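Following: one structure in structure tokens, then a few remarks.
The values are calculated or read from the model by the stated rules, or taken from the named source; none is laboratory data. None of the values given here were measured: they were computed from a predicted structure. Cβ: placed from backbone, ideal geometry, glycine included. Neighbour counts: every protein chain shown.
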């Protein structure tokens with residue numbers, strides 16, 4: 001395989017990753033890392049470096065559309081970015097101290113657990129519940145557009161959501177997946193934010209989280225321009241397409257897609273780890 005064919009195949013895979021990343025709020029890295037390591041045999045640390053670049057591109061591509069349409073909760077996103085950025089720096093600093101096989105197993109466990117939790121029953125709207133005092137004080141409550149017009153929602157369990165976001169940041173720096181899975185679940189399951197708002201706000205947050213840890217990977221030489229460029233060029237148009245599809249998609253369909261992608265990637269990474277593919 002020559003360099004042109006290699007770059008073209010990576011572009012196709014990255015386009016798909018960007019589409020799924022924007023559609024589910026995962027950021028694309030959850031597909032990029034297994035794709036590069038399992039299919040193309042790239043060292044996981046270089047794969048993580050390229051993935052972080054793709055996560056930034058996904059965030060830039062999707063977030064602009066979501067913000068314009070009124071889905072993203074900017075105030076909530078900026079508040080939670082504090083936790084994810086701190087966590088991302090911690091994760092990136094300890095990443096080189098952990099073995100590749102351990103990183104692989106950690107990623108697989110995270111993906112499977114995320115897929116399980118995302119399918120647990122939950123009401124999209126919590127209007128009938130009493131407002132969270134801290135959420136109200138920080139003015140995190142907002143509205144989002146639906147076919148019936150604007151619907152208001154309350155943000156709950158702010159300290160719990162902030163703690164999970166800190167963990168998501170550590171996983172992002174450690175695994176290069178943007179940790180969109182944990183970010184979406186923190187907002188969707190713990191803070192009880194509507195799923196579409198969770199995915200769109202996650203897309204807004206992941207770019208900042210990835211940028212924080214990408215600086216550490218760049219300083220250590222784990223971001224290869226020859227690998228990162230086709231990844232970024234594929235992810236960006238995929239993210240734009242995914243963002244447009246999400247706005248008309250049904251929430252339950254998004255949840256199913258979210259879980260399927262996570263489970264497939266988790267089993268693929270475990271399989272490659274067991275047969276010594278990493």
Those residues of segment 231-249 which are surrounded by fewer than 21 Cβ atoms within 10 Å (Cβ to Cβ) and more than 16 Å from the chain's Cα centre (by Cα) amount to 233, 237, 241, 244, 245, 247, 248, 249
Scan segment 130-158 residue by residue and report those that are touching a helix residue (DSSP H, G or I) at 6+ places or on another chain (Cβ under 8 Å), assigned to a helix (DSSP H, G or I) and at pLDDT below 90. 134, 135
Could you give me the residue pairs with C-beta distances under 8 Å whose first residue belongs to segment 81-104 and is on the phi < 0 side of the Ramachandran plot and surrounded by 17 or more Cβ atoms within 10 Å (Cβ to Cβ), whose second residue is at pLDDT below 80 and not in a helix (DSSP H, G or I) wherever it lies, and which are 6+ apart or on separate chains? 84/179; 104/278
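Quick grid of which residues meet (1) out of contact with any strand residue (DSSP E or B) (no Cβ under 9 Å at 6 or more places or on another chain); (2) buried (at least 19 other Cβ atoms within 10 Å of the Cβ); (3) under 26 Å from residue 167 (Cα atoms); (4) modelled with pLDDT of 80 or more:
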position: 206; (1), (2), (3), (4): yes, yes, yes, no
position: 217; (1), (2), (3), (4): yes, yes, yes, no
position: 226; (1), (2), (3), (4): yes, no, no, yes
position: 256; (1), (2), (3), (4): yes, no, yes, yes
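For segment 87-104, check the following and say yes or no: at least one residue is in a loop (DSSP other than H, G, I, E, B), farther than 15 Å from residue 182 by Cα and at pLDDT 85 or above.
no
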Restrict the check to segment 109-120 and report whether at least one residue is surrounded by 18 or more Cβ atoms within 10 Å (Cβ to Cβ), modelled with pLDDT under 70 and outside any helix (DSSP H, G or I). no
Answer yes or no as to whether residue 67 is in contact with a helix residue (DSSP H, G or I) (Cβ under 9 Å, 6 or more places away or on another chain), at pLDDT 80 or above, loosely packed, with under 15 Cβ neighbours inside 10 Å and in a helix (DSSP H, G or I). no
